[in-house]
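First up is the structure itself, then whatever we jot down about it.
The values are calculated or read from the model by the stated rules, or taken from the named source; none is laboratory data. Because the structure is predicted, anything quoted here is derived from the model rather than measured. Neighbour counts are summed over all protein chains in view; Cβ atoms, including those assigned to glycine, are modelled from backbone coordinates with ideal geometry.
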Amino acid sequence: MVFRSGILAAVLAASLSACTQMPHNHTKVPESELSQAQLHERAQALFQAYFDAEVAASPMWQTELGMDTNKGKWDDISDRAEEDKVARAQLMLQRLDQLDSNRLSPQDQLSWTLLTQQLQSTIEGFKWRHYDYPVNQMYGWHSEPAAFLINSQQINSNDDAWAYIRRLRAMPDLFRQLENNLRVRADEGIIAPAFVFEHVKSDIANLTRGYPFETGQPDNPLMADFRAKVAKVAGLNQYRLNAEAADALRTKVGPAYRRLLSTIDKLEKRADDNDGAWKFPQGDAFYQWRLKEITTTDLSATQIHQLGLAQVKRIQKEMLAIKNQVGFKGDLQAFFEYMRSSPQFFYPNTEQGRARYLTEATALIDDMKARLPKLFTLMPKAELDVKAVEPFREKSAGKAFYQGPAPDGSRPGRYYVNLYNMKDMPVYQMAALAYHEGIPGHHMQIAIAQELKDIPMFRRYGHYTAYIEGWGLYAEELPKEIGLYQDPYSDFGRLAMELWRACRLVVDTGIHAQHWTRQQAIDYLLANTPNPKGDVVKATERYIVMPGQATAYMVGKLKIMALREEAQKALGKDFDIRAFHDQLLANGPLPLNVLQKQTEAWIKAQSN
């Protein structure tokens, strides 16, 4: 297939062409005549050119990175943007192929391998670009603009305030692209299951309530955010800016949402209750591709399903031991029901209960931060905040998630916890959840990756789900090795979280490969975990709209544990847990196949 290259690909071509010129005499030097230092310089220029081109294609990423460019624009989410992305990938792959990778330094070879795999994945994935749900209860484009403006769009000047307003005014154009994307997918038979639409419409209703959409009402979430940010900057004409923002919301954002809602209503009439990716054209092939992308392994759906069943059996055996330790009379399912329903394990569904949860979660993270030197020498510089998920999206959002810090230090890392229904947030899982999303989990890994100085930018912001989520799950268990989880119920909570990830292997493959219904998945999770029903329903719906994603956690953790065991066996008394962890983090996120090779090389180096 031939793709349009677009302006950005042309810019990349010019940038890469410049990389082939030596800085002193401006004549092209053959690869074989380059010194090691010159070859390194050329490779680094290629890596940086790739990163720069991808950032240039995304105004929203520019804002996330703290850049002062295109801050009044949204990303292009059209098919043409996808075509341009593939064109850039094809062009970069050609330039990488021209490098003699065998002559590169070990770190440059690693970067070359990672970028080559990434580009090949981008090209291969173009075939499946419509195999997703652009609006869903987890991350849809109907709610992303509001979440982005509230959490990422800073206002520190008059120009920043006007950029915020320009993004509000540009939402109709963004939503036109979104509506077209929805129609294209529907024409291909890709429509979200029926249950999704209630969540999406609820989010839209939350985002179009309040002033200026309704007179005499409290501020809409976006209006409240804009007003609060402007008020903190001295010297701004607050009256005019607030009036302009209100006008943009009333005349641009409101009509854009009404038109989007009309499109969603039409799609809902065509939706059915088939939940798995198997229902798509070539659905089985798509799901196997997704599993390969997500796990960075060649495991089949059947192998992952069986792996999940084995892990469920192992973890439930450990849970039985805790049940017996606390003296509970009854079988494991009865203990699950006790943990699911006993009031002692939940804080009140009140503002006081939510505040207590946030305070204690923050204290857990602060305590773990003080203990990190026992396990690491490499530490993140960025701070970490604990926040409740915003009201406008808390009903449909997941139970917890992490947002990385801004590289310029203007925004800390954030651990978001969903306190919409405190019955979905048992206290006995609080520690494991905080360790996963915060320290030593996602914040530790992601902040360190962004702060690494000796690797290319594209690697600092790489995203390999099995590595990232595998690390998060591994980080849940790690505190136990330094004396935490002394309370048996808290340790049960840790196991419950691990069991949850094992069950995901079973349920995700059940839904998408074995034609399980939504209710079958819910029934399996209720029978095999202590999680409350609301948690189970929300999680099942997540797995449905994000095929394969949930398999990354356990697959990634098991790989890290296997590599650690390999290192301990090879190094014996010379094994240093801090050095092992540092080498896992020092290269940024990696596919599991590459992580295996890097760790084996580290073990060999430590043995010499």
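Okay, here's what the table says:
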item: Hey, Leu320 under 27 Å from Ile511 (Cβ atoms), in contact (Cβ under 8 Å) with a residue 12 or more places away in the chain and in the same structural domain as Asn531 (by TED's automatic domain parsing) or not; result: no
item: Residues located in segment 281-302, provided they are touching a residue at least 24 places away in the same chain (Cβ under 8 Å) and either among the charged types (D, E, K, R) or in contact with a Gly (Cβ under 7 Å, 6 or more places away or on another chain) (or both); result: Pro281, Asp284, Tyr287, Arg290, Leu291, Glu293, Ile294
item: Check on Ala370, within 15 Å of Leu484 (Cβ to Cβ) and in contact (Cβ under 8 Å) with a residue 24 or more places away in the chain; result: no
item: In segment 557-575, the residues that are under 25 Å from Glu498 (Cα atoms) and either part of a loop (DSSP other than H, G, I, E, B) or among the small types (Gly, Ala, Ser) (or both); result: Ala562, Ala567
item: Condition met for Arg88 (over 30 Å from Gly413 (Cα atoms), in contact (Cβ under 8 Å) with a residue 40 or more places away in the chain and either out of contact with any Phe, Trp or Tyr (no Cβ under 9 Å at 6 or more places or on another chain) or loosely packed, with under 15 Cβ neighbours inside 10 Å (or both)); result: no
item: Yes/no for Ala256 being under 29 Å from the mean Cα position of the chain (by Cα) and more than 30 Å from Ala466 (Cβ to Cβ); result: yes
item: Residue within segment 192-203 that is among the β-branched types (Val, Ile, Thr) and surrounded by 20 or more Cβ atoms within 10 Å (Cβ to Cβ) present; result: yes
item: Index of the failed condition, Ile165 passing every other in (1) within 26 Å of the chain's Cα centre (by Cα); (2) part of a helix (DSSP H, G or I); (3) crowded, with 17+ Cβ neighbours inside 10 Å; (4) in contact (Cβ under 8 Å) with a residue 60 or more places away in the chain; result: (1)
item: Which listed residue is in contact with a helix residue (DSSP H, G or I) (Cβ under 8 Å, 6 or more places away or on another chain), surrounded by fewer than 19 Cβ atoms within 10 Å (Cβ to Cβ) and among the aliphatic types (A, V, I, L, M), from Leu419, Leu378, Leu384; result: Leu378
item: Any hit, segment 539-551, residues being more than 20 Å from Gln306 (Cβ to Cβ), without any contact (Cβ under 8 Å) to a residue 60 or more places away in the chain, among the β-branched types (Val, Ile, Thr) and crowded, with 20+ Cβ neighbours inside 10 Å; result: yes
item: Residues within segment 419-460 that are part of a loop (DSSP other than H, G, I, E, B), in contact (Cβ under 8 Å) with a residue 24 or more places away in the chain and not polar (S, T, N, Q), tallied; result: 12
item: Condition met for Ala246 (touching a strand residue (DSSP E or B) at 6+ places or on another chain (Cβ under 9 Å), within 30 Å of Trp74 (Cβ to Cβ) and among the small types (Gly, Ala, Ser)); result: yes
item: Those helices (runs of 4 or more DSSP H) lying entirely in segment 286-374 with at least 2 residues polar (S, T, N, Q) and touching a helix residue (DSSP H, G or I) at 6+ places or on another chain (Cβ under 7 Å); result: 301-325
item: Residues of segment 29-82 satisfying the condition of being assigned to a helix (DSSP H, G or I), in contact (Cβ under 8 Å) with a residue 60 or more places away in the chain, more than 22 Å from Met457 (Cα to Cα) and charged (D, E, K, R); result: Glu31, Asp79, Arg80
item: Tally, over segment 93-137, of residues that are of a type in the set (A, V, I, L, M) and in a loop (DSSP other than H, G, I, E, B); result: 3
item: Any chance Gln344 is over 27 Å from the mean Cα position of the chain (by Cα), surrounded by fewer than 12 Cβ atoms within 10 Å (Cβ to Cβ), over 21 Å from Asp487 (Cα atoms) and not charged (D, E, K, R); result: no
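This table checks each residue for (1) buried (at least 20 other Cβ atoms within 10 Å of the Cβ); (2) free of Cβ contacts under 8 Å to residues at least 40 places away in the same chain; (3) under 30 Å from Glu83 (Cβ atoms); (4) not basic (Lys, Arg).
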residue	(1), (2), (3), (4)
Asn180	no, no, yes, yes
Leu207	yes, no, no, yes
Asp225	yes, no, no, yes
Ala231	no, yes, no, yes
Pro255	no, no, yes, yes
